[in-house]
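For reference, the structure discussed in these notes is given below.
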Amino acid sequence: MERNMRSYPYPVSKGEIVMMEERKKKPVQERSIATREKIIVTAEELFAHHGFEATTTNMIAREAGVSIGSLYSHFRDKWEIFLIILDRHSDLVYRYADSALAKLLEKDQSLAEAVKILIPGLYSINKRHGKLNSELERFIHVDERAAGLDEEWEKKEDELIIRFLGHFRSSIRIGSLPATARLINLQLRVLFNYLFKNQSSLDVNEYLDAYTELLLNSIDKSS
């Protein structure tokens, strides 16, 4: 028997031993994944409620029901956890936009109809993170890693807008597609952040409708 193989009370092949060892590891790995996910979800709730600075790793560990040692076995610090949350948020928004755009283009709707559906939908999916949105936005401006990650997602969002505008190229009056896409993306980010912060004191739909009309008036040839 090879030196690195454990002794078993009955004859087994090396392949069977490997399978047995993997079966032993699986529950441990599953628990580890579950613990990691619990920490992330708990941290997201605490960041949204208390803010990034006020939330400590001890608070996260306590609320998640894990030891501080367990938390640090999964993450270097709370910055790393927040980066993961930022990436997940960006991925969620991107996947929604990609799916919604594909469905809209399949239906062969007019530019105005598509914009009036897409913008409220994008705001709705962004709003899922509630108070966390302002923390995410602020985090991007104080952490280089977060800024770099956000820039990557921003470029992907630009590509979606370019695809959208390209589909209606004959119906719109614009110069550079990339430049226009970037401007629209920046405008939406500013608008959504403003609405997140002030949604309790204003009519969100009124602002979304106003921006939609403004956008269509600036690019739609039929306007």
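Just so you know, all these numbers are worked out from the coordinates, no wet-lab data involved. Because the structure is a prediction, the values reported are computed rather than measured. As a convention, Cβ positions derive from the backbone with ideal geometry for all residues, glycine included, and neighbour counts pool all protein chains shown.
Things worth noting here:
- Cα long-axis angle, helix 144-167 against the chain (0 to 90 degrees, to the nearest 10): 50
- Pairwise label distance in nanometres, Val41 with Ser218, each label 7 Å out on the Cα-Cβ vector: 4.1
- For the chain, the longest principal axis of the Cα atoms and the long axis of helix 204-219 meet at an angle of about 60 degrees.
- 23 Å Cα-Cα threshold exceeded, pairs from Lys107/Lys197; Lys103/Lys155; Lys127/Lys156; Lys103/Lys127: Lys107/Lys197
- Take the Cβ atoms of Ser32 and Tyr96, set R0 to 30 Å, and the FRET efficiency comes out at 0.55.
- Correct option for Rg and Dmax of the Cα atoms in Å [calculated from the coordinates] among (i) 27.7, 96; (ii) 24.0, 83; (iii) 22.6, 71: (ii)
- Taking label positions 7 Å along the Cα-Cβ direction at both Gln109 and Thr57, the computed distance is 4.7 nm, reported to one decimal.
- Folded to 0 to 90 degrees: helix 14-50 orientation relative to the chain principal axis, Cα: 40
- Across the chain, the relative contact order, built from alpha-carbon pairs under 8 Å that are at least six residues apart, equals 19 percent.
- Ranked list, fewest to most other Cβ atoms within 10 Å of each Cβ, for Val66, Val41: Val41, Val66
- A simple count of charges around Ile172, restricted to other residues whose Cβ falls under 12 Å of its Cβ and scoring Lys, Arg +1 and Asp, Glu -1, yields +2.
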